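Computed from the coordinates by the stated procedures, all read-outs in this text should not be read as laboratory data. All values derive from a computational prediction rather than experimental measurement. No Cβ is skipped: glycine too gets one built from the backbone with ideal geometry, and neighbour counts run over all protein chains shown.
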Amino acid sequence: MEKQPVLEIQGLTKTIGQKNIVDNLSLNIYPGEVFGFLGPNGAGKTTTIRMIVGLISISKGNVIINGINLKQNFEKAISCVGGIVENPEMYKFLTGYQNLLHYWRMTRGVSKRRIDEVVKLVGLKNRIHHKVKTYSLGMRQRLGLAQALLHSPSLLILDEPTNGLDPAGIREFRDHLRTLSREENIAVLVSSHILSEMELMCDRIGVIQNGKLIDVKNVREFVGGEQKQQTVTFAVEPVAEAQEYMQQHFSDHPLKMTSEGFQITVAREEIPHINARLVETGIKVFSIQTAARTLEDQFLELTGGEQIV
Ligand SMILES: Nc1ncnc2c1ncn2[C@@H]1O[C@H](COP(=O)(O)OP(=O)(O)O)[C@@H](O)[C@H]1O
Ligand SMILES: [Mg+2]
């Protein structure tokens with residue numbers, strides 16, 4: 001990507017006591033991309049985000065937003081940022097629109113038309129004149145999102161935005177984020193400890209563990225990546241005979257029996273070899289399916305097996 005980054009983080013460190021809670025973290029985020037900050041609880045995601053939005057001080061390193069160093073010109077740098085870090089405060093007995101209007105009055109230099117624009121962006125048009133107390137959690141999240149977007153930020157920061165949402169709510173939220181990054185060319189930084197969500201929501205993912213950024217990858221690389229080992233499912237007949245053959249000859253590979261045959265994890269080159277051996281033995285092979293490794297498999301590999309969700 002040759003575009004100018006919206007957010008540059010350089011050697012960002014937070015030291016509390018003797019400990020680096022966030023440890024020399026560097027990364028760039030670009031316009032129009034959804035960047036996922038993935039790590040188990042306690043990894044340092046919130047601490048990093050709190051430094052970026054100026055809620056806590058930076059021990060070491062720099063945060064540069066649209067070329068402006070947060071330390072040198074906080075007001076100007078932060079004016080480009082919208083975020084939901086803690087739960088957004090909403091007045092439950094007011095309508096969604098009244099809440100936005102209230103917030104708009106406190107925001108300088110934004111046209112009133114922008115309220116309608118953000119309402120549309122987050123898909124709350126039909127319910128915006130209803131009281132917030134009648135909203136689902138997902139709708140409240142989206143109202144928070146609308147509020148964060150009111151001043152047309154170029155960087156949107158969301159700390160675990162899908163916490164507490166049901167799968168449908170998560171899907172909806174994800175679709176809105178995608179629309180946003182596309183239509184407003186916003187850079188989105190979203191944190192989560194849930195792999196499956198990140199896989200669906202983000203373009204790139206940075207994995208954080210013990211305050212350190214241990215890997216950054218495109219989601220496609222993550223999921224499709226240079227696969228050394230593949231898990232392959234064979235449908236064969238007769239099933240019992242094939243299973244016995246595999247146990248005798250291939251039991252040094254991870255092998256699992258299925259109702260139609262077996263599943264084995266092997267190097268790619270092994271697949272035609274197994275097929276040939278089965279056929280030689282007189283076993284019929286009906287199908288061979290390879291499964292793309294999930295983000296979860298990759299994550300476990302990266303972190304040496306530390307389980308997250
Ligand atoms: N003010 C603080 N004082 C001491 N330790 C803290 C403080 N804030 C966070 N931590 C510790 O820093 C680590 C990272 O926390 P946090 O950034 O909240 O992680 P995450 O958001 O990834 O779950 C945790 O071990 C947490 O206990
Ligand atoms: Mg957190």
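A few notes on this one:
- Here the chain is assigned +1 on the Cβ of each Lys and Arg and -1 on the Cβ of each Asp and Glu. Its dipole about the Cα centre then comes out at about 2000 debye.
- Placing pseudo-labels 7 Å out from each Cα toward the beta carbon at ILE271 and LEU94 gives an inter-label distance of 5.8 nm.
- Taking every lysine pair in segment 114-260 that is 8 or more places apart or spans two chains, those with Cα atoms closer than 26 Å amount to 6.
- Cα-Cα P(r), segment 69-126, percent of pairs per 5 Å interval: 4, 14, 20, 26, 19, 9, 6, 2, 0
- The orientation-averaged projection of the convex hull spanning the C-alpha atoms of segment 89-152 amounts to 3.7 square nanometres.
- Cleavage-rule hits, trypsin sites (Lys or Arg not before Pro), segment 42-131, DSSP coil, Cβ neighbours within 10 Å at most 14: LYS71, LYS92, ARG108, LYS112, LYS125
- Overall dimensions of the chain by Cα: Rg and Dmax, Å: 24.3, 78
- Computed from the alpha carbon positions, the gyration tensor of segment 68-182 leads to an equivalent ellipsoid with semi-axes of 23, 17, 13 Å, biggest first.
- Longest DSSP-loop-exposure-free segment, GluC sites (Glu not before Pro), the chain, at most 10 other Cβ within 10 Å: 90-225
- Pairwise FRET efficiency - ILE214 versus HIS249, Cβ, R0 = 35 Å, nearest 0.05: 0.40
- Sequence-ordered 3J(HN,Hα) estimates for segment 38-54 from the Karplus curve with 6.51, -1.76 and 1.60 and θ = phi - 60° stand at 10, x, x, 4, x, 6, x, 5, 5, 4, 4, 5, 5, 5, 4, 8, x Hz, glycine and proline given as x.
- Dividing the summed helix terms, -39500 (n - 2.57) for each DSSP H run of n ≥ 4, by the number of residues in the chain produces a 222 nm estimate of -10000 deg cm²/dmol to the nearest 500.
- Its relative contact order, with pairs defined as Cα atoms under 8 Å and 6+ residues apart, puts the chain at 20 percent.
- Global geometry of segment 229-292, whether rounded, prolate or oblate, following the gyration tensor of its Cα atoms and the 1.5 cut on a/c: rounded
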